[in-house]
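*Asks:* Below you will find the structure I want to go over with you.
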Amino acid sequence: MEHGEKQITVVDENGNEQLCEILFTFASEEFGKSYVLYYPLGEQDDEEEIEIHASSFEPTADGVDGELAPIETEEEWDLVEEMLNTFLDNEEEEEK
């Protein structure tokens, strides 16, 4: 998965595939990882809040695909939450 991709297919623990829209990606020098925030397509309507998921990812050698991995530490979650809050604040500013 390259930074800038718009959709990914996520496979859950039962082997079911879910198409997801990528909200944004970012890299952290502190943790030496890249992260992706995304949400499932087709499950929400305009009244419902979307459920945002986050994972770290390791790009493959060709840089096209990557493997999603769980976020492992509280410090990583704090970083992801901070980045998400900044992203959402910027989105609200743009809507005004």
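Taken together, the values in this text are just the output of simple stated rules run on the coordinates, not laboratory data. Being a predicted model, the structure only gives us computed values, none of them experimental. Every residue, glycine as well, gets a Cβ built from its backbone with ideal geometry; the counts of neighbours run over all protein chains shown.
*Asks:* Which FRET efficiency value, to the nearest 0.05, do you get for residue 67 and residue 88 by plugging their Cβ-Cβ distance into 1/(1 + (r/R0)^6) with R0 = 22 Å?
*Replies:* 0.25
*Asks:* Which ³J(HN,Hα) values, rounded to whole Hz and listed in residue order, are derived for the stretch 25-37 from phi using the Karplus coefficients 6.51, -1.76 and 1.60 in 6.51 cos²θ - 1.76 cosθ + 1.60 with θ = phi - 60°, glycine and proline given as x?
*Replies:* 10, 7, 10, 10, 5, 4, 9, x, 9, 10, 10, 10, 10
*Asks:* Under 5 Å between amide hydrogens, which residues at least 5 positions from residue 52 or on another chain qualify, with H placed 1.01 Å from N in the peptide plane?
*Replies:* Result for residue 52 returns nothing.
*Asks:* Please list, by residue number, everything in the stretch 75-92 whose backbone N is under 15 Å from a paramagnetic label point 7 Å out along Cα→Cβ of residue 39.
*Replies:* Inside the label zone: 84-92.
*Asks:* Collect residues whose amide H, placed 1.01 Å from N in the peptide plane, falls under 5 Å from the amide H of residue 33; neighbours closer than 5 in sequence don't count.
*Replies:* Counting only residues 5 or more places away or on other chains, the set is 28.
*Asks:* Give a residue-ordered list of calculated ³J(HN,Hα) values for the stretch 75-90 (Karplus: 6.51 cos²θ - 1.76 cosθ + 1.60, θ = phi - 60°; whole Hz; x for Gly, Pro).
*Replies:* 5, 5, 4, 4, 5, 4, 5, 5, 5, 5, 4, 5, 4, 5, 4, 5
*Asks:* Under the rule of at least 5 residues apart or a separate chain, name every residue whose amide H is placed under 5 Å from the amide H of residue 66.
*Replies:* Here 60 satisfy the definition.
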